[in-house]
Amino acid sequence: MKAPRVIAHPSRPQMARALADALAEALRRAIAARGVARIAVPGGETPREMLTRLGEAELDWPRVVVTLTDERLTPPGHPRANETMLAGSLLAGRARAARFVPLRGAGDGPDALEAARRALRERALPLDVAVLGMGADMHAASLFPGARGLEAALAPDAPPLCRIDPEGALEPRVTLSAPTLAAAPERHLVIAGADKRAALERALALDDPRAAPVLAVLGGAVVHYAD
Ligand SMILES: O=C1O[C@H](COP(=O)(O)O)[C@@H](O)[C@H](O)[C@H]1O
């Protein structure tokens, strides 16, 4: 694996600003090169400020396709849904003019999964940029250690979107697969707090994506860290 580059930012707000600026530049470059830019962004709480800032960037947003790295299969509009966080951050600003491709179809059965895969393939892939978060358990997107569905989502021939059932989770999830995320030429991992920094060090020492799934997307990535 190509070692990630780690940038330690002086504070969380400074990290949010620097990463939002870097992403806006990456999207401008993709639009200039191909007329369209495709980005996947994480859910959770860490990226909220960064996504709010990015959503205010001066960009040709109608040419930007936004999707998520993963989604929690809650009822639509639920506060735990990553979509809900995105609606209140990135997509609340100028970026509301972007084209959003959700990861949930109607319901959480196989037909919904297949419909969401189709939409991804037709509208959101291949990604130009993937932004990922990481949990203290070394999960990235919803690639959770020990989860039912993890092996399939890590496989080199995995479909772009996979169902995941993490042990003890409040709801099932869907996640972009490891090869789909790893194929993004630009990848950023955004982590905050000493526990996440320790988890990153632990993952790098483990060298096994089944134990530390973040490794599957880390090669050549830029890691952004703030205390
Ligand atoms: O459950 C999730 O958690 C991770 C990490 O979130 P954070 O707020 O601790 O950074 C997130 O990247 C993922 O998209 C989300 O579904």
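The values are calculated or read from the model by the stated rules, or taken from the named source; none is laboratory data. Bear in mind that the values here come from a model prediction, so they are computed numbers and not experimental data. Ideal geometry is used to build each Cβ from the backbone, glycine not excepted, and the neighbour counts take in all protein chains shown.
Before moving on, here are some points about what is shown:
- A Cβ distance below 8 Å, combined with a sequence gap of six or more or placement on separate chains, defines the contacts here; from segment 189-205, residues that are closer than 14 Å to Gly133 by Cα and free of Cβ contacts under 8 Å to residues at least 40 places away in the same chain reach residues that are within 14 Å of the ligand (Cβ to nearest atom) and of a type outside the set (D, E, K, R) in the pairs Arg197/Ile191; Arg197/Tyr225.
Results for (1) at pLDDT 95 or above; (2) out of contact with any Gly (no Cβ under 7 Å at 6 or more places or on another chain); (3) within 16 Å of the ligand (Cβ to nearest atom), shown as yes or no for each residue.
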position	(1), (2), (3)
Arg123	yes, yes, no
Gly133	yes, no, yes
Gly149	yes, yes, yes
Asp165	yes, no, yes
Ala203	yes, yes, yes
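- Residues satisfying the criterion are absent from segment 191-200 (criterion: over 12 Å from the mean Cα position of the chain (by Cα) and over 22 Å from Ala16 (Cβ atoms)).
- Residue in segment 66-75 that is more than 14 Å from the chain's Cα centre (by Cα) and of a type in the set (D, E, K, R) present: no
- When residues of segment 177-201 are limited to those that are in a helix (DSSP H, G or I) and touching a Gly at 6+ places or on another chain (Cβ under 9 Å), the one farthest from Arg28 (Cα to Cα): Ala199
- Single residue of segment 91-140 satisfying the filter (buried (at least 20 other Cβ atoms within 10 Å of the Cβ) and of a type in the set (Val, Ile, Thr)) that is nearest to Ala226 (Cα to Cα): Val131
- Any strands (runs of 3 or more DSSP E) falling wholly within segment 1-93 and containing at least 2 residues that are within 16 Å of the ligand (Cβ to nearest atom) and among the acidic types (Asp, Glu): 70-72
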